[in-house]
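FYI, it's all coordinate maths here, none of it is from the lab. What you see is a predicted model; the values in this text were computed from it and never measured. All Cβ positions, glycine included, derive from the backbone under ideal geometry; neighbour counts span all protein chains shown.
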Number of protein chains: 2
Amino acid sequence: MRISALAAQTEIPVATIKFYLRENLLHEGVRTAATQAQYDETHVARLRLIRALLGPGGLSVAAAQRVIQTIEEPPESVHELLGVAASAVAPPAKDADERPRVRELISRLGLEIDEKGYSSCAAADDALRALDEAGFELPAGALEFYLDQMRQIAQFEIDNVPTDSATAAVRYVVLGTVLIEPLLLALRRLAEQEASARRFG
Amino acid sequence: MRISALAAQTEIPVATIKFYLRENLLHEGVRTAATQAQYDETHVARLRLIRALLGPGGLSVAAAQRVIQTIEEPPESVHELLGVAASAVAPPAKDADERPRVRELISRLGLEIDEKGYSSCAAADDALRALDEAGFELPAGALEFYLDQMRQIAQFEIDNVPTDSATAAVRYVVLGTVLIEPLLLALRRLAEQEASARRFG
């Protein structure tokens, strides 16, 4: 189909599609003339993915580029992949292994992670620092409790990684990392409203 | 202290402090001359809060304004407050109660929420729609499992709401909503790296 038909089918303006092409988020169509190209269902699927990443996924164009590149050129092992997925979304903190609090956090929580996990650990450290700076005191045992809940979620998710094809595993890991986050946060707020109504309502 | 001393103490440039003043994020100091004002520890504390909200909290200036306004003029009941906190961070979706999927979600998950919860429910609906559009299929039972984990987290959090003063409750609820989110997401990624290493490493 022509770009106009692609725009009509996906309800995305032609100018926006051209922007995605320039930014290498969308792969080129098959050229049929100097100013014309043919697009197919792979472009429709990719456009849906781009909209999901940039919209509810909340990614920047640069982060979406990294995610799409990971899907196109997946690393060999699924474990490697998970690291790439995490850093595609949040680029590794350069000074992660030089932060004393990161090491302290790893030992305090008994985390079983290697250097690849340092950037997520730095993100946790940043979050704790922000709480400190805002003068917010976590209730006793809160950090351990949160980690325990997240470990149950992670176990469920990793148990469900499809291993039949690399592409399926990549999609699951990358999209699961980015797109499940807004779902979890929305469910937390819903659950807080329920719990608040029970206690204070 | 003068604005220059405030800048030195907080390590925030004078121009940035002036921007926060113009945007009503920071309260005015006590005027001592046409172009001079005195600032105190309340300004230092507020600047820390602003940085936490705009930085790791990931809020826009408009959302930070809503959060700070809620802290300054707290509603009467804690339950009311929680609703305000949620909508301060994510403004209520206007069409929430007109979406058939929101009602369907409420009934499918057996959620005990009233109209105030519709905007969080719309956020969950948006997240599910984004997963659909990206072609991501949630494993069977995943939604119920996620909700169950978030209910345990919410129960823990609501149990710990301080009730000794309205200000303390507001800070806990508003900051807890915004600043715990990046912590939970970072812990989820850490836990995924552990689980992935166990299964695939």
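Data table
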read-out: Total charge dipole magnitude, the stretch A:55-200, about the Cα centre, Cβ charges on Lys, Arg, Asp, Glu only, Debye to nearest 20; value: 480 debye
read-out: Footprinting exposure proxy for B:SER119, A:SER4, B:SER196 (fewest neighbouring C-beta atoms within 10 Å first); value: A:SER4, B:SER119, B:SER196
read-out: Number of partner chain Cβ atoms within 10 Å, mean per residue of B:73-82; value: 3
read-out: Dipole of the stretch A:55-200, positive direction: furthest Cα of A:PRO139, A:GLN155, A:GLN193, with charges on the beta-carbon; value: A:GLN193
read-out: Order of B:GLU112, B:GLU137 under a 10 Å beta carbon neighbour criterion, fewest first; value: B:GLU137, B:GLU112
read-out: Virtual spin-label span in nm between A:GLN38 and A:ALA5, 7 Å along Cα→Cβ; value: 0.9 nm
read-out: Derived scalar couplings ³J(HN,Hα) [the stretch A:125-139; Karplus, 6.51 cos²θ - 1.76 cosθ + 1.60; whole Hz; x for Gly, Pro]; value: 4, 4, 5, 5, 5, 5, 4, 4, 5, 7, x, 9, 9, 5, x
read-out: Phi-based couplings in Hz for the stretch B:33-49 (Karplus 6.51, -1.76, 1.60; Gly and Pro marked x); value: 6, 4, 10, 10, 9, 9, 10, 9, 4, 5, 6, 4, 5, 5, 5, 4, 5
read-out: In order through the stretch B:187-201: 3J(HN,Hα) via Karplus (6.51 cos²θ - 1.76 cosθ + 1.60), integer Hz, x for Gly, Pro; value: 5, 4, 5, 4, 5, 5, 5, 4, 5, 5, 5, 5, 7, 10, x
read-out: Amide H partners (placed H, <5 Å) of A:ALA37, local residues excluded; value: A:ILE3, A:THR32
read-out: Choice from B:LEU49, B:LEU25, B:LEU128 with maximal GNM fluctuation in chain B (Cα, 10 Å cutoff); value: B:LEU128
read-out: Residue order, fewest to most beta carbons within 10 Å, for B:HIS79, A:HIS43, A:HIS27; value: A:HIS27, B:HIS79, A:HIS43
read-out: Cα-based shape type of the stretch A:93-201, given that a ≥ b ≥ c are square roots of the gyration tensor eigenvalues and the cut on a/c is 1.5; value: oblate
read-out: Dipole of the protein assembly as shown, positive direction: furthest Cα of B:ILE180, B:GLY58, A:THR35, with charges on the beta-carbon; value: A:THR35
read-out: For A:LEU26, residues with placed amide H under 5 Å, excluding near neighbours; value: A:LEU21
read-out: Where GluC sites (Glu not before Pro) fall in DSSP loop in the stretch A:3-48, at most 11 other Cβ within 10 Å; value: A:GLU11, A:GLU28
read-out: Unit charges on C-beta of K, R, D, E only; dipole of the stretch B:124-201, Debye; value: 340 debye
